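What follows is one structure encoded as structure tokens, with my remarks underneath.
We did not get these values from a lab; they are worked out from the coordinates using the rules stated. All values derive from a computational prediction rather than experimental measurement. Heads up, the Cβs are rebuilt from the backbone with ideal geometry, glycines too, and the neighbour counts pull from every protein chain shown.
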Amino acid sequence: MEKKEKTIDIIKQERKVSPQVLEDRKTYSRNRKAIMEVLKAGPKSIPQVAAETQLSLPDTTYFMMALFKFGDVQVNSLDDMDEYYFYELKKK
Amino acid sequence: MTDNQNAAATCLDETQFDVMVIGAGIAGAESALKLGDMGYKVLLVEKEPSIGGKMILLSKVFPTLDCAACITTPKVSETARHPNITIHTLTEVDTIQRNADRHFSVQLTKKPRYVVEKDCTGCQECENVCPVITKDQFQFDLTARKAVYIPFNIANPRIALIDIENCMLCGACEKACPSNCIDFTQKEQQLQITAKSVIVATGFKLFDPISIERYGYGRYKNVITSMQMERELAPTRPYNNVLRPSDGKIPDKIAYVFCTGSRDHTVGNPICSQVCCMYSTKQAQLLMGALPMADISLYYINIRAFGKGYNEFYLQAKDMGANYVKGKIGKITEKENGNLILRFEDILTGKVTEKEHDMVVLSVGLLANPAITQVFKGEKLELDPINYIQQPNMLQSPAQTSLEGVFVAGTATGPMDIPDTIMSAGAAATETSSYLKRLS
């Protein structure tokens, strides 16, 4: 296939990235790293991950489900009380 | 015919249509399909990146519990492949003006996708390398998506687009794309077309319950809308099961609050939304299947199960164990563990009672979507008192509007369920065809 000139350099001259986008990107990167670091030790539930990462429970849920969607984590099993799932790193 | 003539003919074909259908939800797609089958040249205009409207995002449909995607996807696919139908996604109508020849001149704005549509294979390599996430509007903010994304798995067209407002312009997608189809030089396009007739199929808006502060939506994570629950129950759901957004717990006491934003003068929507009783009953049945141990309570004012098989469907939910409570919710408060206390008036006993649930679903109503009236220049598309498109001859010609040559289909006329929407779309196609025959 014919190789085109990269168009990203053209739009960069026309648009500036908002500070909020950069901040959100940092937050995602930081939280992704923190959650995946905790899961290296083995499968954990969302409250367990929240306790170890110091993230709020809703934020942990949101980022865990994002990682689940993007294929970074997978479901391991359900706890004994049938309340919470354990999540683990997806082997790639 | 020479190549140049061919090109000119193609160009002519792409700007002159028998019918322009505004809105490619299930009503618009159905009208377009019917008219396309009759041999008319149809332009289908959709502001979203995918056709299929709200129905394509549903889990199942009542009262048959058929998979919504299994019904919608073939119809949407047939629409997209139809030789007589041209589709413009990410496109909005700016103006519609009637000419001296009674045809309509239409000005459209097509937003850039930043992806060359014909080259994208939907491989998602761009998504994999994109470092930015933002809330996924097609999952009603329950999870995230990347800045470059395919709207949802069964989107049509199933190709990527770039959310430029949330893009950090790193260029990773352009580097990773195996078909070189990322194009950041795309600009907004102004398109000029003519159409002999117009069908308005702009659907409805969902009521945003954030305006009813006492329900706590937006503040309490475990108070969600029925559309969010619809996504939790769909095969392409945001989570791995039905879970609480606050902590990922499997809920075991779920409450539904009927008539949220319907039959309520205080929020400006005094009418019944026609579908909330039944979609809540459907979700209750699906939840009892997905979470067999869960208690489902449904707080209602009146049950309106008026369609074919609807009352049987309601009775079936009761037989399965759904707990219908004739009660009006006063207030919802949150406990420290995320559980919710519902304070309500038990209409049968007249007593004010409180009950604890671990998740609350607000059965939100349907609102009119009247913005389309602004685009007609030189004449007025009339609305009814609730802001839906007025049907001046509802009994004899339900698709007729106040403007000659402009017809209406589906929930743009008022709240209705899917079978009625399909019938309304068929009526609009028939009346449009009849008008076009008279015109020629």
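Details
- Applying the condition of being at the interface with another protein chain (Cβ under 8 Å from one of its Cβ atoms) and polar (S, T, N, Q) to the range A:1-44 and asking which residue is nearest to B:Gln186 (Cα to Cα) yields A:Thr7.
- Test: residue in the range B:225-247 that is in contact with a strand residue (DSSP E or B) (Cβ under 6 Å, 6 or more places away or on another chain) and β-branched (Val, Ile, Thr): yes
- Condition met for B:Lys380 (in a helix (DSSP H, G or I) and of a type in the set (Lys, Arg)): no
- Selection from the range A:44-58 of residues that are within 20 Å of B:Met359 (Cβ to Cβ) and exposed (fewer than 15 other Cβ atoms within 10 Å of the Cβ): A:Ser56
- Scanning the range B:234-257 for residues that are under 17 Å from B:Asp295 (Cβ atoms) and more than 12 Å from every other protein chain (Cβ to nearest Cβ) returns B:Lys253, B:Ile254, B:Ala255, B:Tyr256, B:Val257.
- Candidate set from the range B:169-186 (those that are part of a helix (DSSP H, G or I) and hydrophobic (A, V, I, L, M, F, W, C)); member that is surrounded by the most Cβ atoms within 10 Å (Cβ to Cβ): B:Cys173
- The residues on offer are B:Val223, B:Val198, and the sole one that is touching a residue at least 24 places away in the same chain (Cβ under 8 Å), farther than 30 Å from B:Ala255 by Cα, crowded, with 23+ Cβ neighbours inside 10 Å and of a type outside the set (D, E, K, R) is B:Val198.
- The residues in the range A:74-92 that are facing another protein chain (nearest Cβ under 10 Å) and either more than 22 Å from B:Ala294 (Cα to Cα) or in contact with a Cys (Cβ under 7 Å, 6 or more places away or on another chain) (or both) can be counted, and the count is 2.
- Filtered by the rule that a residue be closer than 18 Å to B:His103 by Cβ, in contact (Cβ under 8 Å) with a residue 60 or more places away in the chain and among the hydrophobic types (A, V, I, L, M, F, W, C), the range B:29-47 gives B:Leu35, B:Leu43, B:Val45.
- Residues of the range B:394-411 satisfying the condition of being within 22 Å of B:Lys60 (Cα to Cα) and not hydroxyl-bearing (Ser, Thr, Tyr): B:Gly410
- The range A:59-73 - residue that is more than 20 Å from B:Gly338 (Cα to Cα) and at the interface with chain B (Cβ under 7 Å from one of its Cβ atoms) and, of those, surrounded by the most Cβ atoms within 10 Å (Cβ to Cβ): A:Ala66
- Scanning the range B:187-226 for residues that are part of a strand (DSSP E or B) and of a type in the set (Gly, Ala, Ser) yields B:Ala195, B:Ser197.
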